[in-house]
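Below: one structure, written as structure tokens.
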Amino acid sequence: ILEQFFRSVAAEGPYDATRAEAYRVLLSSIIEAVFAEYGRQADAPPNIVLHHIGQRYAAQLMKLIDEESELFDGFLSTGFETPMEKSYEDAGYSLNGRIDRILVHSRSEPEGQLAVVDYKKSSVATRRQYDGQSERIPSHQLPFYAKLLRDVEGRQVGIGAFYDIGKGAYHRIWEKGEEQRRDALIALVEAHAKIMVDALREGRLGARVSKEGCSFCDYRQI
């Protein structure tokens, strides 16, 4: 739903906050079409259940319009599920992943005008949990994306954000003008990757015997 929506918006140009009502109509029509398609599938739930799920997600997803207008007015979506990969042979590891969405400001792309966004259904870590660049951060995901874009394409990510669909809110882990914060987070995940590689080379795997135990494994985030 989100990819269809942002592709449709991008086909007409950068996001324009003055067109919020038109975007609501567009998003609503996409939600209806997607759930209608689900309803025709053989393993679809009963109509009353499908209707309930559709209404719930529609209410959550419609909050996106105001959030998008506040943070990304004037930005053009240029990448969807973009694959990124790079091997760091000297460091002993490779990075690869898919970035949910990449945006660039329509007027220029100086430092701070490129953005990456990852969408989560719920339970998104807050910005405060990344403050101070402590030894344990909630996720390595956005800093690694910024590292890949820097190392593969030579582009600096000015805004790194999660979007919490359940709460209908963006969580900006760093934003324009916070290059030092971004670079410190990249350095932190690089250090964590080195620690993990060194541990693996030495046979210190930290393996646990159960799924519950693995939720606390030192290597789970990476």
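The values are calculated or read from the model by the stated rules, or taken from the named source; none is laboratory data. Keep in mind the model is a prediction, meaning the values are calculated, not measured. Using ideal geometry, Cβ is built from the backbone for each residue, glycine included, and neighbour counts are taken over all protein chains shown. Ligands, DNA and RNA are excluded from the accessible area calculation, which covers all protein heavy atoms including side chains. Shrake-Rupley method; radii C 1.70, N 1.55, O 1.52, S 1.80 Å.
Inspect the range 147-156 for any residue being at pLDDT 90 or above, surrounded by 15 or more Cβ atoms within 10 Å (Cβ to Cβ), not in a helix (DSSP H, G or I) and not small (G, A, S) and give the result as yes or no. Break it down stepwise before answering.
First, pick out the residues of the range 147-156 that are at pLDDT 90 or above: 147-156.
This time we only want the ones that are surrounded by 15 or more Cβ atoms within 10 Å (Cβ to Cβ), so: 147-150, 155-156.
Filter again for not in a helix (DSSP H, G or I), leaving 155-156.
Remaining after also requiring not small (G, A, S): 155-156.
Checked against the condition, which is being at pLDDT 90 or above, surrounded by 15 or more Cβ atoms within 10 Å (Cβ to Cβ), not in a helix (DSSP H, G or I) and not small (G, A, S), the range 147-156 yields at least one hit.
This table checks each residue for (1) aliphatic (A, V, I, L, M); (2) within 26 Å of A11 (Cβ to Cβ).
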{"position": "E37", "(1), (2)": "no, yes"}
{"position": "A44", "(1), (2)": "yes, no"}
{"position": "N47", "(1), (2)": "no, no"}
{"position": "Y57", "(1), (2)": "no, yes"}
{"position": "Q60", "(1), (2)": "no, yes"}
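Remark: pairs (first residue in the range 50-72, part of a helix (DSSP H, G or I); second residue charged (D, E, K, R) and at pLDDT 90 or above; Cβ separation under 6 Å; 6+ apart in sequence or on different chains) = I65/R24. For the residues E21, E67, the requirement of being of a type in the set (D, E, K, R), out of contact with any Asp or Glu (no Cβ under 8 Å at 6 or more places or on another chain) and open to solvent by less than 50 Å² (accessible area, probe 1.4 Å) singles out E67. Of the residues making up the range 34-48, those that are open to solvent by 60 Å² or more (accessible area, probe 1.4 Å) and in a helix (DSSP H, G or I) are E37, Y38, N47, I48. Restricted to the range 73-98, and to residues there that are in contact (Cβ under 8 Å) with a residue 60 or more places away in the chain and in a loop (DSSP other than H, G, I, E, B), the residue that is surrounded by the fewest Cβ atoms within 10 Å (Cβ to Cβ) is A91.
Within the range 168-183, at least one residue is touching a strand residue (DSSP E or B) at 6+ places or on another chain (Cβ under 6 Å), in a helix (DSSP H, G or I) and under 26 Å from E70 (Cα atoms).
Residue-by-condition table, conditions (1) within 22 Å of the chain's Cα centre (by Cα); (2) closer than 23 Å to G74 by Cβ; (3) at pLDDT 95 or above:
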position: V9; (1), (2), (3): yes, yes, yes
position: G13; (1), (2), (3): yes, yes, no
position: L27; (1), (2), (3): yes, yes, yes
position: R40; (1), (2), (3): no, no, no
position: D43; (1), (2), (3): no, no, no
position: V49; (1), (2), (3): no, no, no
